[in-house]
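Engineer: Please read through the structure below; I'll follow up with questions.
The values are calculated or read from the model by the stated rules, or taken from the named source; none is laboratory data. Not measured: the values here are computed from a predicted model. No Cβ is skipped: glycine too gets one built from the backbone with ideal geometry, and neighbour counts run over all protein chains shown. Ligands, DNA and RNA are stripped out before the accessible areas are found, and what is left, the full protein with its side chains, is counted by its heavy atoms. Shrake-Rupley method; radii C 1.70, N 1.55, O 1.52, S 1.80 Å.
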Amino acid sequence: TVLDYQPDGSFAPASYAFRGGEETGWIVERNSQPILETGPGFRLTKSTVCGICSTDLARRFLPYPLPQIIGHEVIVRIGERRFAVEINASHLARHLKTGCPFCACGFSTQCPDRITLGIDRLPGGFAPWVLAPVDALVPVPDHIPDETAALTEPFAAALHALDAAPPLDGDEVAVLGPRRLGALLICALALFRRESARRFTITALVRRTALGEAAMSFGAD
C-alpha cells in the first residue's frame with residue numbers, strides 16, 4: 001500500500017502489485033486492476049531513498065496520466081548493492097535489441113517507446129519496490145551516503161547541460177537563481193573548468209546573501 005499522487009495534487013492510498021519477471025515482463029496492478037504491461041527488461045529492486053524534485057511538486061501540470069506513484073531521484077538496493085536509477089526506460093536501458101533509431105544513435109532519452117520512472121506511467125521511488133530498467137542501474141560507491149547519492153539524477157541533468165553547450169575560454173557563465181538544480185550546475189561547471197583547464201568565469205545571480213555564499217562554496221566566482 002502506497003500513496004498515489006492525484007490530479008488535484010493530493011495523495012490517496014492505493015494497493016499496488018507487480019506480477020511477472022525480468023525476462024517475461026511485468027503487469028502492474030493498482031487496486032487489483034491492471035494499469036501497465038512493461039515488457040521485458042525491468043528488474044525488481046528495493047527502494048531505500050527518494051529525493052523530491054520540482055517536477056514532483058508540479059506533477060499534476062504535466063501531460064501524463066494520474067494517479068501515479070511519483071519520485072525519480074531514487075536509490076535502490078539489490079541484495080547489499082546500491083544503485084541510482086536512470087529515469088528513462090528506453091529500449092537501450094532495458095537491453096532490448098529492437099532497431100530503434102533513437103537508441104542506436106545515442107538519443108535514447110527520446111526513444112518513442114520509453115516510459116519514465118515516477119513521471120510517465122512507470123511507478124516511482126516513493127514506494128517500497130521499483131521496477132528499474134536493467135541497464136539503467138548506476139552503482140553507488142560505498143563512501144557516498146544515500147541522501148547524497150539521491151542527487152545523481154539531477155546532477156546528471158547539470159552534466160548534460162555542459163555536454164550540450166560546454167563553456168569556451170573567455171566565456172562568462174551566469175547561473176540565475178542557484179537553488180537546487182542551479183547549485184548542482186555550479187558544481188558541474190566548477191568540475192568541468194578544473195578538468196578541462198578552460199578559463200571562464202562562473203557568476204551566480206542571487207537575491208539572498210545565503211544563496212550567494214552557498215554558490216561561492218560550490219565553485220562560483
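Engineer: Quick one: Ile144 ticks every box in (1) under 27 Å from Thr38 (Cα atoms); (2) part of a loop (DSSP other than H, G, I, E, B) except a single one, so which number is it?
Structural biologist: Among (1) under 27 Å from Thr38 (Cα atoms); (2) part of a loop (DSSP other than H, G, I, E, B), Ile144 violates only (1).
Engineer: Counting only residues that are of a type in the set (S, T, N, Q) and part of a loop (DSSP other than H, G, I, E, B), which one in the stretch 83-113 is least open to solvent (accessible area, probe 1.4 Å)? Spell out how you get there, then give the answer.
Structural biologist: Step one: list which residues in the stretch 83-113 are of a type in the set (S, T, N, Q), which gives 88, 90, 98, 108-110.
With the extra rule that they be part of a loop (DSSP other than H, G, I, E, B), the set shrinks to 90, 98.
On the way: Ser90: 3, Thr98: 77 Å².
Top of the filtered list is Ser90.
Engineer: Select from the stretch 179-198 the residues that are in contact with a helix residue (DSSP H, G or I) (Cβ under 8 Å, 6 or more places away or on another chain) and either part of a loop (DSSP other than H, G, I, E, B) or surrounded by fewer than 14 Cβ atoms within 10 Å (Cβ to Cβ) (or both) and write down the one among them that is modelled with the highest pLDDT.
Structural biologist: Arg198
Engineer: Scan Phe42, Phe61 and give me the residue that is among the aromatic types (Phe, Trp, Tyr), surrounded by 17 or more Cβ atoms within 10 Å (Cβ to Cβ), at pLDDT 95 or above and under 21 Å from the mean Cα position of the chain (by Cα).
Structural biologist: Numbers: Phe61 fails: surrounded by 17 or more Cβ atoms within 10 Å (Cβ to Cβ).
When all the criteria are applied, what remains is Phe42.
Engineer: Quick test of your reading of the structure: Ala220 fulfils all but one of (1) small (Gly, Ala, Ser); (2) surrounded by 13 or more Cβ atoms within 10 Å (Cβ to Cβ); (3) in a helix (DSSP H, G or I). Name the failing condition by number.
Structural biologist: Unmet condition: (3).
Engineer: Let me ask something else. Please count how many residues of the stretch 125-141 are farther than 22 Å from His160 by Cα and assigned to a loop (DSSP other than H, G, I, E, B).
Structural biologist: Narrowing the stretch 125-141 to residues farther than 22 Å from His160 by Cα: 125-131.
Checking which are assigned to a loop (DSSP other than H, G, I, E, B) leaves us with 125-128.
Result for the stretch 125-141: 4.
Engineer: To continue, here is another question. Pick out the one residue from Thr152, Thr116 that is open to solvent by 30 Å² or more (accessible area, probe 1.4 Å) and of a type in the set (S, T, N, Q). Before the answer, list the steps.
Structural biologist: Numbers: Thr116 fails: open to solvent by 30 Å² or more (accessible area, probe 1.4 Å).
After ruling out the rest, the residue left standing is Thr152.
Engineer: Scan Glu80, Glu37, Glu23 and give me the residue that is surrounded by fewer than 13 Cβ atoms within 10 Å (Cβ to Cβ) and modelled with pLDDT under 95.
Structural biologist: Values: Glu37 fails: modelled with pLDDT under 95; Glu23 fails: modelled with pLDDT under 95.
Result: Glu80 is the single residue among Glu80, Glu37, Glu23 that is surrounded by fewer than 13 Cβ atoms within 10 Å (Cβ to Cβ) and modelled with pLDDT under 95.
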